Structures are given as structure tokens and as C-alpha cells.
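The values are calculated or read from the model by the stated rules, or taken from the named source; none is laboratory data. Please read these numbers as outputs of a predicted model, since none were measured by experiment. For neighbour counting, all protein chains shown are included, and Cβ atoms are generated from backbone atoms with ideal geometry for every residue, glycine included.
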Amino acid sequence: MDLYEYQGKELFRRYGIPVSEGRLATSPAEAREAAQELGCPVVVKAQVLTGGRGKAGGIRLAETPAEAEARAREILGLDIRGHTVHKVWVERASDIEREYYLSITFDRSEKKPLFMFTTQGGIDIEEVAASSPEALVRLHVDPLEGYNAWQGRRLVHDAGVEDPGEQKQIAAIVGNLYRAFVGTEAMLCEVNPLIVTPQGEVRALDSKFTVDDNALFRLPDVAKMRDLAAADPLEALAREKGVTYVKLDGEVGVLGNGAGLTMSTVDVVTFVGGRPANFCDLGGGGDAQGVVDALEVITRDPQVRSIFFNIFGGITRCDEVARGILQALDQMAIEDPIVVRLDGTNAKEGRQLLREAAPPNLHAEATMLDGARRAVELAGA
Ligand code: GDP
Ligand code: MN
């Protein structure tokens with residue numbers, strides 16, 4: 001789950017990472033009030049779950065509360081790379097002497113958290129990595145040993161920060177960022193820019209924060225930050241129903257059991273020239289209600305033209321899935337053709353059930369490849 005800048009900064013604050021004071025506003029009038037309370041000048045910042053807001057006109061300075069209101073009016077409703085702005089963060093403007101970059105993420109190949117730090121912040125980090133890779137200092141933390149204070153000092157030293165006051169502040173921020181990363185079960189914490197003010201104060205001016213969805217049950221106050229409005233409505237419905245679903249852009253609805261089989265199914269549909277409409281994993285159980293819920297989500301997508309059920313019965317029993325399909329067809333008016341491939345535990349019984357009921361829009365295929373071909377063909381018809 002990605003957090004908005006203002007939410008990430010709230011977490012930074014809790015972990016002792018300095019941020020500017022600010023207020024959230026959803027209307028120009030609120031932005032004006034916020035500016036009044038904070039004292040001008042302020043920055044009005046679009047809150048969207050995407051980067052590059054500055055370049056897109058989503059970050060604007062305001063010298064007076066009236067100006068803050070005007071800037072908020074311009075920014076609210078703006079489309080930034082497909083994200084509509086519904087909220088702005090109004091924060092006391094900072095004077096910037098230098099812009100650095102600091103992040104921590106997982107390095108999956110090393111199986112360790114990885115810090116990256118450079119004094120060439122502010123701009124795209126990919127650009128720095130490409131044009132002057134030596135300026136980007138990388139440092140792994142062994143998760144079993146945990147963070148050690150020397151690691152912050154090493155980052156700061158290797159990146160060439162010379163001012164002792166800056167060194168001290170940044171090293172402390174690095175330690176606190178590690179605590180924030182572990183404490184919120186994050187997958188990414190990025191500060192770009194980490195600024196130095198003319199007075200020599202170091203502060204996080206932006207935040208990019210991704211937390212692990214699977215850990216949210218342990219972190220109720222982070223889970224509350226989830227913005228259902230920003231999520232895809234189909235994905236929100238799926239979440240509500242406990243269906244594992246990712247919306248894609250094609251016409252063939254895909255339903256499999258187990259993430260591996262479902263991903264393979266998405267691949268095979270693509271391989272035979274089709275475009276998957278979604279990824280939907282029925283999971284290990286595959287009881288009738290689960291099938292009904294999954295079909296309800298898949299068919300809610302107006303782009304879907306056919307549905308491919310690819311079930312390999314292990315723990316999941318194919319007869320149970322077949323019952324689920326029939327029950328779903330009973331409960332809902334599904335007009336799209338459904339292709340079913342059942343294999344594994346109780347496949348024979350499952351196929352028999354489908355054959356006996358023989359719904360007109362149901363097509364059984366023996367293999368995954370044949371099933372995919374048929375579903376793609378039917379989506380085109
Ligand atoms: P992003 O474009 O989405 O990464 O948004 P940022 O929050 O990183 O802001 C982009 C740029 O706007 C920063 O790199 C700064 O140069 C500028 N900016 C943001 N806040 C302030 C501020 O308080 N004062 C000044 N002078 N510039 C700011
Ligand atoms: Mn930024």
C-alpha cells in the first residue's frame with residue numbers, strides 16, 4: 001500500500017525525522033485557512049499517489065493566504081499522470097540550500113534492506129544512477145544484526161557530506177528511517193529531497209512510503225491510512241469480498257487457483273494472442289461462495305468478453321468449484337462465455353456436474369492451452 005506524502009510525513013514525525021509543519025485541505029477555502037494558521041509563505045502540494053508532481057504543476061509556492069487559496073483552486077482537480085487531485089497539503093515553505101536523496105528499500109537479491117544516499121537529490125534518482133553512479137552510495141543492513149550507528153556515518157562520509165552539523169543530523173535521520181522502515185513494515189521509504197536549509201537544518205521535504213499490505217493487520221493506525229477512493233473500484237470491491245484480484249487491461253477474465261497457476265494462465269492467454277482482463281486467484285479453498293464472489297468481481301468489469309477458469313485441484317476440489325460455477329450462474333445473469341478447464345482432485349466429478357447441468361454459455365476444455373485458445377477466440381467473437 002502506497003501512502004500519500006502527508007501520511008508518510010506523519011510517520012516520519014513519529015519516528016523523529018524532522019518535517020515541516022503543515023495542514024491537509026480539500027478545498028481552496030481550507031487551504032487559505034491553513035496558510036493563515038501556519039504563517040506564509042507556504043507551499044501548496046498536490047496529494048496523489050504518483051511522483052513528479054513538481055514538474056506537473058502540482059507543487060506551488062504562495063506568499064499570502066489569498067495566494068494559497070488561488071493555487072489550491074488550480075491544483076485541486078488537476079490530473080497528474082492519471083491521478084486526480086482531491087487533497088492538497090499546505091506546508092510552511094522551506095528555504096533550500098541543498099537537496100539530497102535518501103531511501104531504504106529491500107534488495108531482494110541480497111535479502112537485506114538497502115540504504116541509498118546521494119548529495120545529488122531533488123531530481124530523478126534514476127538520472128543520478130545513470131549519469132553518475134559513483135555519487136549514489138549504497139549500504140546494506142543485516143536484518144539480524146540490525147542497524148548500527150556507524151552505518152549512518154558511513155553513508156554520510158562516503159557521499160562526501162563535509163559539514164559536521166549536517167553529518168550528525170543526517171546520520172541520526174538514517175537511524176530513525178531504519179526504525180520507521182522496520183516499525184511500519186515498510187517496503188520503501190524515500191526522502192527526495194532531504195534538504196539542508198541556509199541555517200544548516202536538515203529536513204525531509206517529501207516522502208514516498210510503501211508499506212506491506214500483509215502486515216497491516218498488525219498496524220491498525222497505518223491500515224486506517226488506506227484510501228479506498230484512490231484505489232481501483234473493482235479492486236476495492238474485491239478487497240471487501242476477500243477476493244485476490246488485480247485489474248488488467250484486456251478482455252479475457254482469468255480465474256485460477258493459486259497465484260502461480262493464475263500467473264501462468266495470464267501468460268498463456270497472452271501467449272495465444274489474447275489480453276487478460278484481470279488476475280484473480282481463487283486461493284486454496286475454492287468453495288462455492290468464493291467462486292460466486294470472484295465471478296461477481298470479474299464480471300463487473302465492462303471490458304470482460306469471456307472468462308477462463310483454470311483450476312488444478314490439489315487442496316481445491318474440482319467438484320466443489322464446479323458447484324460454485326453452477327451456483328454463480330444460478331444467482332447471477334452471466335452472459336459472457338465461460339471456458340472451464342478442470343484437472344486434479346475430483347476433476348472427473350466436477351466435469352460430470354458441469355456436463356449434467358450444461359449451461360449454454362459454458363465450454364469445457366481439457367488443457368490449459370486449449371482453454372486459453374477457446375477463451376481468446378470467444379472474446380473476439
Ligand atoms: P515531487 O515533484 O512529487 O517529487 O514533489 P516534491 O515534494 O519533491 O517537490 C518538488 C520540488 O519542489 C522540490 O524538489 C523542491 O525543489 C520544490 N519544493 C517543495 N517544497 C518546497 C519548499 O518548501 N520550498 C522551496 N523553496 N521549494 C520547495
Ligand atoms: Mn520528491
>> Looking at (1) more than 9 Å from ligand 1 (Cβ to nearest atom); (2) under 30 Å from Ala215 (Cα atoms); (3) of a type in the set (D, E, K, R), which one does Glu5 not meet, given that it meets all the others?
In response: (1)
> For region 304-313, does any single residue satisfy the condition of being hydrophobic (A, V, I, L, M, F, W, C) and more than 15 Å from Thr265 (Cβ to Cβ)?
Replying inline: no
>> Conditions first: (1) surrounded by fewer than 17 Cβ atoms within 10 Å (Cβ to Cβ); (2) in contact (Cβ under 8 Å) with a residue 12 or more places away in the chain; (3) not in a loop (DSSP other than H, G, I, E, B). Val266 passes all but one, so which condition is the exception?
In response: (1)
> Would you pick out the residues in region 19-34 that are within 13 Å of ligand 1 (Cβ to nearest atom) and outside any strand (DSSP E or B)?
Replying inline: Ser20, Glu21
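Would you say Pro41 is at pLDDT 95 or above, more than 16 Å from ligand 2 (Cβ to nearest atom) and either among the aliphatic types (A, V, I, L, M) or buried (at least 19 other Cβ atoms within 10 Å of the Cβ) (or both)?
No.
Look at region 76-100 and say how many of its residues are among the hydroxyl-bearing types (Ser, Thr, Tyr) and more than 10 Å from ligand 1 (Cβ to nearest atom).
Residues that pass the stated criteria total 2.
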> Which ones in region 207-219 are closer than 27 Å to Ser20 by Cβ, over 12 Å from the mean Cα position of the chain (by Cα) and not hydroxyl-bearing (Ser, Thr, Tyr)?
Replying inline: Leu219
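Restricting attention to region 186-234, report how many residues are more than 16 Å from ligand 2 (Cβ to nearest atom), of a type in the set (D, E, K, R) and in contact with a strand residue (DSSP E or B) (Cβ under 6 Å, 6 or more places away or on another chain).
2
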>> Restricting to region 1-38, name every residue that is within 21 Å of Ile80 (Cβ to Cβ) and surrounded by 23 or more Cβ atoms within 10 Å (Cβ to Cβ).
In response: Leu3, Glu5, Gly8, Lys9, Ala25, Ala31, Ala34
>> Suppose we filter region 121-139 for residues that are within 16 Å of ligand 2 (Cβ to nearest atom), surrounded by fewer than 18 Cβ atoms within 10 Å (Cβ to Cβ) and over 22 Å from Tyr178 (Cβ atoms); how many remain?
In response: 4
>> Out of the strands (runs of 3 or more DSSP E) lying entirely within region 277-381, which hold 1 or more residues that are out of contact with any Pro (no Cβ under 6 Å at 6 or more places or on another chain) and closer than 20 Å to Leu234 by Cβ?
In response: 278-281, 306-313, 338-344
> Mind checking which pairs have a first residue in region 45-56 that is touching a residue at least 40 places away in the same chain (Cβ under 8 Å) and basic (Lys, Arg) and a second that is more than 8 Å from ligand 1 (Cβ to nearest atom) and not in a loop (DSSP other than H, G, I, E, B), Cβ under 7 Å, 6 or more apart or different chains?
Replying inline: Lys45/Val88; Lys45/Trp89
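Only one of Glu185, Glu190 is among the charged types (D, E, K, R), surrounded by fewer than 17 Cβ atoms within 10 Å (Cβ to Cβ) and assigned by TED's automatic domain parsing to the domain that holds Arg153; which?
When all the criteria are applied, what remains is Glu185.
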> Taking Gly77, is it free of Cβ contacts under 8 Å to residues at least 12 places away in the same chain, surrounded by fewer than 16 Cβ atoms within 10 Å (Cβ to Cβ) and out of contact with any Lys or Arg (no Cβ under 7 Å at 6 or more places or on another chain)?
Replying inline: yes
>> Under 7 Å between Cβ atoms, which residue pairs at least 6 apart in sequence (or on different chains) link something in region 130-157 that is in contact (Cβ under 8 Å) with a residue 12 or more places away in the chain with a partner that is aromatic (Phe, Trp, Tyr) and assigned to a helix (DSSP H, G or I)?
In response: Val141/Tyr178; Tyr147/Tyr178
